[in-house]
Amino acid sequence: MRTLTLRGRKLVGGLAEGVALVTKQPISFFGGVKPETGLVVERGHELQGKSIRGKVLVFPHGKGSTVGSYTLYALAKQGAAPRAIVNLETEPIIAVGCALTGIPLVDRLNKDPLEVIDTGDYVKILEDGTVEVRKSLA
């Protein structure tokens with residue numbers, strides 16, 4: 001199994017690991033993700049119908065209302081939040097939501113995470129912003 005080591009900017013520290021769920025589309029947590037279940041409900045989104053619960057969620061950046069920060073908080077309270085988030089470039093909605101909930105958050109990796117991490121890869125986030133990716137065999 002091949003492992004990649006990526007270096008990024010740690011925005012919210014913490015250790016986390018899990019299976020990656022990757023989208024090249026921005027995510028709006030407010031109205032786009034059900035806080036009770038972690039299910040993506042935004043119509044036409046490539047993750048529509050998939051759950052972010054317990055995943056390492058990889059996406060370019062957030063979008064939409066600042067209430068998205070509180071939706072991340074609600075997801076965490078319901079046990080439906082991702083284990084960690086990896087962004088291409090984080091904006092304030094995601095940063096505040098992760099800070100409120102303690103979800104580890106990394107961005108600005110030395111390689112484009114949307115190009116080198118695939119759904120199903122096993123991803124480990126280290127305290128210093130390092131991201132280890134074990135490529136899936138699929």
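The values are calculated or read from the model by the stated rules, or taken from the named source; none is laboratory data. Source: prediction; values computed, not measured. So basically every Cβ, Gly included, is an ideal-geometry build from the backbone, and we count neighbours across all protein chains shown.
A compact table of results
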| read-out | value |
| --- | --- |
| Strands (runs of 3 or more DSSP E) wholly inside segment 43-138 that include at least 2 residues being surrounded by 15 or more Cβ atoms within 10 Å (Cβ to Cβ), touching an Asp or Glu at 6+ places or on another chain (Cβ under 9 Å) and among the small types (Gly, Ala, Ser) | none |
| Residue among Gly62, Gly44 that is without any contact (Cβ under 8 Å) to a residue 24 or more places away in the chain and closer than 22 Å to Thr119 by Cβ | Gly44 |
| Segment 16-72: number of residues that are over 13 Å from the mean Cα position of the chain (by Cα), closer than 20 Å to Leu88 by Cα and among the aliphatic types (A, V, I, L, M) | 0 |
| Search result, residues across segment 44-68 that are in contact with a strand residue (DSSP E or B) (Cβ under 9 Å, 6 or more places away or on another chain) and among the hydroxyl-bearing types (Ser, Thr, Tyr) | Ser51 |
| Long-range neighbours under 6 Å by Cβ, at least six apart or interchain, first residue part of a loop (DSSP other than H, G, I, E, B) and crowded, with 22+ Cβ neighbours inside 10 Å within segment 17-34, second hydrophobic (A, V, I, L, M, F, W, C) and modelled with pLDDT of 95 or more | Phe29/Leu72 |
| Positions within segment 1-15 being of a type in the set (A, V, I, L, M, F, W, C) and either on the phi > 0 side of the Ramachandran plot or not in a strand (DSSP E or B) (or both), in sequence order | Met1, Leu15 |
